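Data block below; observations after.
The values are calculated or read from the model by the stated rules, or taken from the named source; none is laboratory data. Note that this is a predicted model, so its numbers are computed, not measured. Cβ atoms come from the backbone with ideal geometry, glycine included; neighbour counts cover every protein chain shown.
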Amino acid sequence: IHNIGARVIGCELASIFNPLGTKITMVEMMDQILPTEDKRVAQAMQQALQKRGISIFTKTKLEKLIECREDGITARFDNGEEVTTEKILISVGREANTKGLGLENLSLRVDGKGNIIVNEKMETNLEGIYAIGDVVGGYLLAHVAFEEGIVAAENALGIDSKIDYTSVPNCIFTSPQIGGVGLTLDKAKEEEIEAKLARFPFAASGKAQAAGEKDGFLQLIVEEDSGRILGGQIIGPHAADLIHEIALAIRWGLTTEQVASTIHAHPTLSEAIMEAAKKAEGKPIHLI
C-alpha cells in the first residue's frame, strides 16, 4: 500500500496495517511527517515507523495516477518516479461537509472552505442559530465537539457560556501513541514568549521498563520567568491518557513547582509528568 499523506490519519492507518503484514510506503509533501506536530515528536514517530519496516518519503507529492487496474495502480510523483502498488490510500485531511445543506438559503456566513463561521458562544451570524463540530472548522475532534455542544446548548437556554480552546488535548492513536496540548517550544518562540523545554524519557521510567514500552518521551513547555506550564507533548505508552494532567495544568495556570511538589504514585507512567516538572525546577529524581 502507498499511503498518500503522513499526517494524523496517514500515520494511524500505517500503524494499523503494518502489524497485519502489509508493506507500507508513506508519501508526504511537507518536509516532515505530522507537520502540525512538534518536530521532536515527529522525528521520533518517523524513527518508530521506520523501525517497523515502513518506508517514508517526505518532500514528495503525488502528481498523477497513470493507470488503475485490478492487479495494481501505477502512480507518478513529482520527483519523476513511477511506482506500481496494489492499493493507494488517500490520507490528506478532512473538510466540512456542508454542501447541499441549503446554508445559502439561510444567509449563514461560511468561510472559503465551507466552514460555518461562529463566535465564542458557537452562535452563527443569525441570532439563535448555533453550529458545532467539524462544520465550524478548527479542531476536528469529537471531544471538542462535545464541549462546543454544551456551550451552544447553554447559550440557547440563556446561560452565558463561551468556548475555551487553550487546553484542548490532541491525541494520535499510533504505535507509539502521541499526545499534545498547548504550545510547542517553536510556537512559544513565534509568540515571543521566553520558554524552555523540560523532557523526561520513558527509558528512565520504572513502569515503562517493566511493561517493555520504554521508547519515547514526555516534555513540558515552561515559561521562563513564572514557571507556568504552557504546553506539553508526549510520544510513548498511554500518551493519550497521560496528556490530560498537562491539559489540566494549562487550564488552571499551574507551575512546574506545583506539579513537581504533587506526589505521584510509583511505579506509574504518570510519574513522567512529575519528573519533567522536577527537571524544569532543576531537581529531577531519576535523571542525572
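Okay, here's what the table says:
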{"quantity": "Filtered residues of the range 78-104 (kept if within 20 Å of the chain's Cα centre (by Cα), part of a loop (DSSP other than H, G, I, E, B) and either assigned by TED's automatic domain parsing to the domain that holds R7 or in contact (Cβ under 8 Å) with a residue 40 or more places away in the chain (or both))", "calculated": "S91, V92, G93, R94, A96"}
{"quantity": "Lone unmet requirement of (1) surrounded by fewer than 22 Cβ atoms within 10 Å (Cβ to Cβ); (2) under 19 Å from the mean Cα position of the chain (by Cα) for L20", "calculated": "(2)"}
{"quantity": "L269, sole failed condition from (1) in a loop (DSSP other than H, G, I, E, B); (2) over 20 Å from C171 (Cα atoms); (3) not aromatic (F, W, Y)", "calculated": "(2)"}
{"quantity": "Listing of strands (runs of 3 or more DSSP E) fully contained in the range 24-71 that carry 2 or more residues being touching a residue at least 12 places away in the same chain (Cβ under 8 Å), in the same structural domain as V8 (by TED's automatic domain parsing) and within 21 Å of F173 (Cα to Cα)", "calculated": "25-27, 55-57"}
{"quantity": "Those residues of the range 206-228 which are closer than 19 Å to A280 by Cβ and either within 18 Å of the chain's Cα centre (by Cα) or exposed (fewer than 15 other Cβ atoms within 10 Å of the Cβ) (or both), in sequence order", "calculated": "G216, F217, L218, Q219, L220, I221, E224, D225, S226"}
{"quantity": "Single residue of the range 134-159 satisfying the filter (over 15 Å from the mean Cα position of the chain (by Cα), of a type outside the set (A, V, I, L, M, F, W, C) and part of a helix (DSSP H, G or I)) that is farthest from A247 (Cα to Cα)", "calculated": "N155"}
{"quantity": "Selection from the range 56-93 of residues that are of a type outside the set (A, V, I, L, M, F, W, C), within 17 Å of I1 (Cβ to Cβ) and in contact with a helix residue (DSSP H, G or I) (Cβ under 9 Å, 6 or more places away or on another chain)", "calculated": "S91"}
{"quantity": "Restricting the range 1-23 to residues that are among the small types (G, A, S) and not in a loop (DSSP other than H, G, I, E, B), the residue that is farthest from A75 (Cα to Cα)", "calculated": "S15"}
{"quantity": "Hey, A188 under 23 Å from P237 (Cβ atoms), touching a strand residue (DSSP E or B) at 6+ places or on another chain (Cβ under 9 Å) and part of a helix (DSSP H, G or I) or not", "calculated": "no"}
{"quantity": "Pairs where the first residue, in the range 155-178, is under 15 Å from A145 (Cα atoms) and surrounded by fewer than 17 Cβ atoms within 10 Å (Cβ to Cβ) and the second is modelled with pLDDT under 95 and not hydrophobic (A, V, I, L, M, F, W, C), C-beta under 8 Å, 6+ apart", "calculated": "Y165/G138; Y165/Y139"}
{"quantity": "Residue count for the range 179-191, restricted to those that are acidic (D, E), without any contact (Cβ under 8 Å) to a residue 24 or more places away in the chain and within 13 Å of L230 (Cα to Cα)", "calculated": "1"}
{"quantity": "Out of A265, A198, A203, sole residue that is surrounded by fewer than 24 Cβ atoms within 10 Å (Cβ to Cβ), over 22 Å from the mean Cα position of the chain (by Cα) and either closer than 17 Å to V41 by Cβ or in the same structural domain as C11 (by TED's automatic domain parsing) (or both)", "calculated": "A203"}
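Residue-wise test of (1) part of a strand (DSSP E or B); (2) within 16 Å of H266 (Cα to Cα); (3) of a type in the set (A, V, I, L, M); (4) in contact with a Cys (Cβ under 7 Å, 6 or more places away or on another chain).
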site: K207; (1), (2), (3), (4): no, yes, no, no
site: A210; (1), (2), (3), (4): no, yes, yes, no
site: D215; (1), (2), (3), (4): no, no, no, no
site: I221; (1), (2), (3), (4): yes, no, yes, no
site: I234; (1), (2), (3), (4): yes, no, yes, no
site: L242; (1), (2), (3), (4): no, yes, yes, no
site: E245; (1), (2), (3), (4): no, no, no, no
site: I250; (1), (2), (3), (4): no, no, yes, no
